[in-house]
Amino acid sequence: MDSYSRRLAAAAKKTKADLVIKNGRIIDVFNGDIIEETIAITDGVIVGIGDYEGVKTIDAKGKFISPGFIDGHVHIESAMVTPAQFSQLVVPHGVTTVIADPHEIANVSGSEGIQFMIDTAKDVPLNIYFMLPSCVPATPFENAGARLSAEDLRPFYENENVIGLGEVMDFPSVFHQDPAMMEKLTNTNQLKKKIDGHAAGISGDPLNVYLAAGIKTDHECITPEEAYDRLKRGMYVMLREGSAAKDLVSLLPVVTERNARRCLFVTDDKHLDDLIAEGSIDYCVALSIANGLDPMLAYQMATINAAECFGLLTKGAIAPGYDADFVLLNELETVDIDQVFIKGELIAEKGNCLNTSTSLLVPDALTNTVHLKEFTLEDIQIKCPNHAVANIIEIIPNKIVTRHIVEKIEERTGVFQPSIEKDHLKLAVFERHRNTGNIGLGIVKGFGLSSGAVATTIAHDSHNVVAVGTNDQDLIKAVNMMATMGGGMVVIKDGEVLASLPLEIAGLMTANQFDHVNEGLKQIDHALTEIGFTGDFNPFLTLSFLALPVIPELKLTDLGLFQVKEFKHINIID
């Protein structure tokens, strides 16, 4: 009540506000206008817009003032650093709030992984809200490191920063009313929490079932037609611009002045180096404006739209009663950020976060997660007859969907031989959680490697070891390195390690500083050029999604080649 009374007194001008921002041009996200008024702030909350005096005054000197940006769907683990280091990355880009889904670490370490993310998100200079992982494992067609039931998830809802159930990617379980899925959905609806969607490839009546379940968002649209189909059914459409999936520009034509309030920006999965080079939601705003979107709509989508989507009643606007999370901009259309404030405190300035992260204690259970048997060359042979044709995964650069193609492959002594000329490389997924020895084998086209092999423990969503190689010897070496390193990324050529990046936390993240990780990624990029990679996409991120059996068309799990449309495993050789 003391704080409440203080805010009311300052709003009524009975006392001075703690802070006033004068001479700024405020982005009014409600009217889509620019207003020139003084902002009054007390106890981290905006108490007035108008003519106010404050104990402290900041002269904005004509800068634009935007509400802080909100990332409506992000997996922090994809940046390969902890929440504290993640905040150091994104806050200087104007992101003051994120809706995080920790299903990556949950698929490896279950409830312990979720609790780790929640605990380490405390006291960081970023508002982090969580959506609980709905599908651990993502499907019954692979082996993850954990299994989470509705009973496992329910206690987490007691945390005020847990606001809902994360992307429901197991559509068949929703459609057929699987009891375990129904319990999760029912619990969430009864608690009046939000439910995120993942409606890849779903349309028509099946989409109606999805919405009837209480699922109101989707970040998997890749065409304007898909987006429109969701908008007309009352969904929020998330325009995604991450590292592997870059759908924003292709979806922009669906956004109009009439429907824009149901649209918002997300990054979903974005690597650390891309966050440094491009930015986060600020990049989405600038890219949208550069491609013709009205700037006021772009800023709405980055702020108030996301706040309203997730029921964050005090976020997303510069107005009385809203949290004083805002960004000072030198230039509107290029999103040139000067300063970032959270709850009225200056947190970042000229591209640098002013808060430093604290030390981190990582539970032992999260640092011993790679359990592999010794593999031999015979274990990864793909037997095939002469002149065989095979079901092949063809990657689409900068997309997480793939094509299912059928082509003639090279063979020697009854086994598949990778072909540099045809760009047919061997793909393998090794189960790494319970030491089962499971190996899923396949053939992939589109990487363009001319030598060597690469491997990683980042393999959505079960995060087994995934590897691609031009020869079996280097592929096996790369996989064995995962056990030695405790997870991470590695590039091998002629049996030698060209570059590696250990990710000791669940094989997904590291406790190291983000600049250290960025240097490691630069070494990885250099090593990739040494094995012939010349593509305009991130090969490791692309590789990590080849093991995700809920994204069309053809993927690979530790149990084999998976046809997503038919939702079943198929043979490599027809």
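What the table shows:
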| item | result |
| --- | --- |
| Number of the exception - residue 21 against (1) closer than 24 Å to residue 296 by Cα; (2) in a loop (DSSP other than H, G, I, E, B) | (2) |
| Test: residue in segment 158-165 that is surrounded by 24 or more Cβ atoms within 10 Å (Cβ to Cβ), out of contact with any Leu (no Cβ under 9 Å at 6 or more places or on another chain) and not hydroxyl-bearing (Ser, Thr, Tyr) | no |
| Residue among 528, 498 that alone is assigned to a strand (DSSP E or B), closer than 28 Å to residue 445 by Cβ and either among the acidic types (Asp, Glu) or not assigned by TED's automatic domain parsing to the domain that holds residue 267 (or both) | 498 |
| Segment 170-196, subset assigned to a helix (DSSP H, G or I) and β-branched (Val, Ile, Thr), residue surrounded by the most Cβ atoms within 10 Å (Cβ to Cβ) | 188 |
| Conditions (1) under 27 Å from residue 153 (Cβ atoms); (2) without any contact (Cβ under 8 Å) to a residue 12 or more places away in the chain: number failed by residue 191 | (2) |
| Contacts under 8 angstrom Cβ, first residue in segment 3-29 being modelled with pLDDT under 95, partner surrounded by 15 or more Cβ atoms within 10 Å (Cβ to Cβ), 6 or more apart | 3/43 |
| Any strands (runs of 3 or more DSSP E) falling wholly within segment 531-574 and containing at least 1 residues that are in contact with a His (Cβ under 8 Å, 6 or more places away or on another chain) and surrounded by 23 or more Cβ atoms within 10 Å (Cβ to Cβ) | 554-557, 560-563 |
| Single residue of 467, 459, 455 found to be crowded, with 24+ Cβ neighbours inside 10 Å, of a type outside the set (Ser, Thr, Tyr) and part of a loop (DSSP other than H, G, I, E, B) | 459 |
| Sole exception among (1) modelled with pLDDT under 95; (2) under 27 Å from residue 305 (Cβ atoms) for residue 123, by number | (2) |
| Some residue of segment 312-329 being acidic (Asp, Glu), at pLDDT 95 or above and surrounded by 18 or more Cβ atoms within 10 Å (Cβ to Cβ) | yes |
| Failed criterion for residue 294 (all others in (1) surrounded by fewer than 19 Cβ atoms within 10 Å (Cβ to Cβ); (2) touching a Leu at 6+ places or on another chain (Cβ under 7 Å) hold) | (2) |
| Sole residue being under 30 Å from residue 92 (Cα atoms) and touching a strand residue (DSSP E or B) at 6+ places or on another chain (Cβ under 9 Å), chosen from 181, 169, 131 | 131 |
| Qualifying residue in segment 512-520 (condition: without any contact (Cβ under 8 Å) to a residue 40 or more places away in the chain and either assigned by TED's automatic domain parsing to the domain that holds residue 168 or over 22 Å from the mean Cα position of the chain (by Cα) (or both)) | no |
| Residue ID - surrounded by the fewest Cβ atoms within 10 Å (Cβ to Cβ), chosen from residues in segment 269-281 that are modelled with pLDDT of 95 or more and outside any helix (DSSP H, G or I) | 278 |
| Output for segment 357-387, where each listed residue is polar (S, T, N, Q), out of contact with any strand residue (DSSP E or B) (no Cβ under 9 Å at 6 or more places or on another chain) and in contact (Cβ under 8 Å) with a residue 40 or more places away in the chain | 357, 358, 368, 376 |
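Yes or no, residue by residue, for (1) out of contact with any His (no Cβ under 8 Å at 6 or more places or on another chain); (2) among the small types (Gly, Ala, Ser):
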| residue | (1), (2) |
| --- | --- |
| 204 | yes, yes |
| 219 | no, no |
| 227 | yes, yes |
| 236 | yes, no |
| 240 | no, no |
| 244 | yes, yes |
| 260 | yes, yes |
| 268 | no, no |
| 273 | yes, no |
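For (1) under 26 Å from residue 164 (Cα atoms); (2) assigned by TED's automatic domain parsing to the domain that holds residue 255; (3) in a loop (DSSP other than H, G, I, E, B), each residue gets a yes or a no:
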site	(1), (2), (3)
283	no, yes, no
293	no, yes, yes
296	no, yes, no
301	yes, yes, no
312	yes, yes, yes
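The values are calculated or read from the model by the stated rules, or taken from the named source; none is laboratory data. Just so you know, these numbers come straight off a predicted model, no measurement behind them. Quick reminder, even Gly has a Cβ in these numbers, built from the backbone with ideal geometry, and neighbours come from all protein chains shown.
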